[in-house]
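Notes follow once the structure below has been shown.
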Amino acid sequence: MDFDEIINNRRSARLFTNEDVSRELINKILQSASIAPSARNRQPWKFYILNNEQKNHIMDMLFEWDKINPKERTSVKGTAEQIKTANKMIMIYSDSYKSKAKNENYKKPDYLSLGCAIENMSLQAINLGLGSCILCDTLYIENEIDEYLGINNFEQICGFIIGSPIYNYPPKIKKDLNDLLLN
């Protein structure tokens, strides 16, 4: 697949087959993240590869949160359903800074760097014939997940699920380039 095909075929996959994703493929995806550009080469990303038990426990935690918060209009239940079918899940974290000045001045550039790394992961998944989806609903139970995994001193950014998609997702309608330009 050439680069334009990879970019044009990138979709958020939400339903997966039960086909196993090997550790070798996960490592290729994470290697792609590790070579992303980063502000001042800080490379603020950290990854936690969940095993099946951990993945399923986080899924159950999301279902439980949805059940005890019925008036909240969120996509938490849908996210839990997506995790259920995903073969692998990775939690993505960022460095935290003790210095107030660094925390204030590094945060936005680090978020941009993390976005680059996560997009590299998404594109590599497509290149490998896999699907992926970025999950931000894990932030509803951020503290609970971090406590469960024993994560301290890192900021949770998102979850990332990977698997063999059940079908080819149709392209979404995107804004015209002229609608994006400010000048």
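Quick look at the numbers
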| item | result |
| --- | --- |
| Restricting the stretch 142-156 to residues that are charged (D, E, K, R) and under 15 Å from the mean Cα position of the chain (by Cα), the residue that is surrounded by the most Cβ atoms within 10 Å (Cβ to Cβ) | GLU155 |
| Qualifying residues in the stretch 82-121 (those that are surrounded by 15 or more Cβ atoms within 10 Å (Cβ to Cβ) and among the acidic types (Asp, Glu)) - the one nearest to SER32 (Cα to Cα) | GLU119 |
| Subset of the stretch 43-59 that is charged (D, E, K, R) and either in contact (Cβ under 8 Å) with a residue 24 or more places away in the chain or farther than 18 Å from ILE90 by Cβ (or both) - its residue that is surrounded by the most Cβ atoms within 10 Å (Cβ to Cβ) | LYS55 |
| Residue among LEU181, LEU128 that alone is more than 30 Å from GLU53 (Cα to Cα), out of contact with any strand residue (DSSP E or B) (no Cβ under 8 Å at 6 or more places or on another chain) and not basic (Lys, Arg) | LEU181 |
| Wholly within the stretch 1-109, helices (runs of 4 or more DSSP H) carrying at least 2 residues that are small (Gly, Ala, Ser), over 16 Å from ASP137 (Cβ atoms) and in contact with a strand residue (DSSP E or B) (Cβ under 8 Å, 6 or more places away or on another chain) | 23-34 |
| Matching residues, the stretch 129-141, being surrounded by 20 or more Cβ atoms within 10 Å (Cβ to Cβ) and either free of Cβ contacts under 8 Å to residues at least 24 places away in the same chain or not charged (D, E, K, R) (or both) | LEU130, GLY131, SER132, CYS133, LEU135, THR138 |
| All positions within the stretch 85-100 that are at pLDDT 95 or above and either among the charged types (D, E, K, R) or within 11 Å of the chain's Cα centre (by Cα) (or both) | LYS88, MET89, ILE90, MET91, ILE92, TYR93 |
| Matching residues in the stretch 1-37 - criterion: being among the aromatic types (Phe, Trp, Tyr) and crowded, with 16+ Cβ neighbours inside 10 Å | PHE16 |
| Residue check, ARG40 touching a residue at least 60 places away in the same chain (Cβ under 8 Å), over 26 Å from LEU149 (Cα atoms), loosely packed, with under 15 Cβ neighbours inside 10 Å and not β-branched (Val, Ile, Thr) | yes |
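The values are calculated or read from the model by the stated rules, or taken from the named source; none is laboratory data. Source: prediction; values computed, not measured. Positions of Cβ are backbone-derived with ideal geometry, glycine not excepted, and every protein chain shown enters the neighbour counts.
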